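Structure first, then comments.
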Amino acid sequence: MSFSFLHSIESNIALFSEALEGTNLVPEQHFVRNDLLQKVTELGYIDADIGNEIERAILECARGVDLLLVTCSTLSPIADRLMVEGAPVLRTDRLLADDVFKKAMSNPGRSDIAILVTAPSTMEATGGLFKTCRDVLGAESIGVETILLPKVWDIFLAGDLEGYKQACVTALDEFLENDDKFTHVGVGQVSIAPSLALCKSPRAPKVMSALSATRAYLLSHYR
């Protein structure tokens, strides 16, 4: 079985490669289309023209493999539509959603889920994904909220990746230390995940990401 990745951020290549270390899982290719993310970010939403461009990119990258994993939550609504239409496409944050809800549904008490993001352009797509998963799983009693970590994304857009990582650490620690509502927390963007290892909050190791969810999915389907 063959698979490739489609990223909108080049730094995600190293993150997913590290997540697959120690396995025999090797992608055919890592595609990067940062231009698509930039266009959506500048416009603030996906219009018909950008949607068509994203669709062409996904279908081209999916050609010749059994599965294309789309790691950008901003582009993922188009991936969802193509998956429904039968394209061999899967968004990695959907794998995260499945994991988060699986854990929340096994909780004996009340469960509430927080999904943390840094990019305003991904708020709607991420929120829609988790609410759809909740409906499909019949988990209406579980609360779910998408939360934007403030004052972080502009640092990433400026190209300061180390500054972005540290800003994520600060924002994550502040949220985790002050939150007393959510029983389960996930990060909706892969770019946030490396900061979890640097957090001081004792809750940080329990925060879920698409990296571990993708590794588990591929090990169960592609070994």
Treating cross-link reach as a plain straight distance, find the lysines whose alpha-carbon is under 28 Å from the alpha-carbon of K151, omitting any fewer than eight places away in the same chain. K39, K131, K165, K181, K200, K206
Need the full-extension length gain, L43 to D154, defined as separation in residues times 0.36 nm minus the C-alpha distance. One decimal, nm. 38.4 nm
Test of understanding: what is the full-extension gain from N52 to T170, defined as 0.36 nm times their sequence separation minus their Cα-Cα distance? 38.7 nm
Given contacts defined as C-alpha pairs under 8 Å and at least six residues apart, what's the relative contact order of the stretch 1-122, whole-number percent? 27
Looking at the chain as a GNM with Cα springs under 10 Å, which of L36, L75, L157 has the largest mean-square fluctuation? L157
Determine, for each peptide in 27-35, 132-140, the mean count of other beta carbons within 10 angstrom over its residues, then list the peptides with the highest first. 27-35, 132-140
State the Cα centre-to-centre distance between the stretch 169-223 and the stretch 48-76 in whole Å. 25
If you plug each phi of the stretch 81-98 into the Karplus form 6.51 cos²θ - 1.76 cosθ + 1.60 with θ = phi - 60°, what whole-Hz ³J(HN,Hα) values come out, in order, with x for Gly and Pro? 5, 5, 5, 4, 7, x, 6, x, 10, 8, 8, 5, 6, 5, 5, 4, 4, 4
Calculated P(r) of the stretch 93-223 - Cα pairs past 24 Å, %: 27
Over all Cα pairs of the chain, how is the pair count split among 5 Å bins, expressed in % and running from 0 up to the last occupied bin? 1, 7, 15, 19, 21, 17, 12, 6, 1, 0
Stretched fully, the stretch from E85 through R110 gains (0.36 nm per residue minus C-alpha distance, one decimal, in nm) 5.4 nm
If r is the Cβ-Cβ distance from R203 to T23 and R0 is 25 Å, what FRET efficiency results, to the nearest 0.05? 0.35
Between N34 and D66, how many nm apart are label points set 7 Å from Cα along the C-beta direction? 3.3
Express the accessible area of the chain per residue in Å², computed with a 1.4 Å probe while the remaining protein chains stay in the model. 48
Search the structure for amide H atoms under 5 Å from the amide H of V70, placed 1.01 Å from N in the peptide plane, and list their residues when 5 or more places away or on another chain. L6, L90, R91, T92
Within the under-12-Å Cβ sphere about A167, not counting A167, Lys/Arg +1 and Asp/Glu -1 give a net charge of -3
Phi-derived 3J(HN,Hα) across the stretch 60-66 with the Karplus relation (6.51, -1.76, 1.60, θ = phi - 60°), rounded Hz, x for Gly and Pro, is 5, 5, 7, 5, x, 10, 6
Calculate for the chain the 222 nm mean residue ellipticity that helices alone would give, adding -39,500 (n - 2.57) per DSSP H run of length 4 or more and normalising by residue count, nearest 500 deg cm²/dmol. -15000 deg cm²/dmol
Net charge around A213, counting only other residues with Cβ within less than 12 Å of its Cβ (Lys, Arg = +1; Asp, Glu = -1)? +2
Express the Stokes-Einstein translational diffusion coefficient of the stretch 110-163 in µm² s⁻¹, to the nearest whole number, given a Kirkwood radius over alpha-carbon pairs, 10 °C and a viscosity of 1.306 mPa s. 127
To the nearest 10 square angstrom, how much accessible area does I78 have with a 1.4 angstrom probe? 20
Apply 1/(1 + (r/R0)^6) to the Cβ-Cβ distance of E162 and K103, taking R0 = 45 Å, and write down the FRET efficiency to the nearest 0.05. 0.90
On the protein heavy atoms, probe 1.4 angstrom, tell me the percent of accessible surface of the chain carried by carbon and sulfur. 51
Given the Cα atoms of the stretch 37-166, and with Rh set as the inverse mean 1/r over their pairs in the Kirkwood sense, what is Rg to Rh to two decimals? 1.00
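The values are calculated or read from the model by the stated rules, or taken from the named source; none is laboratory data. In this text, all values refer to a predicted model and were calculated from it rather than measured experimentally. Backbone-built Cβ (ideal geometry, glycine too); neighbour counts: all protein chains shown. Side chains included, ligands, DNA and RNA excluded: accessible areas come from the protein's heavy atoms. Shrake-Rupley method; radii C 1.70, N 1.55, O 1.52, S 1.80 Å.
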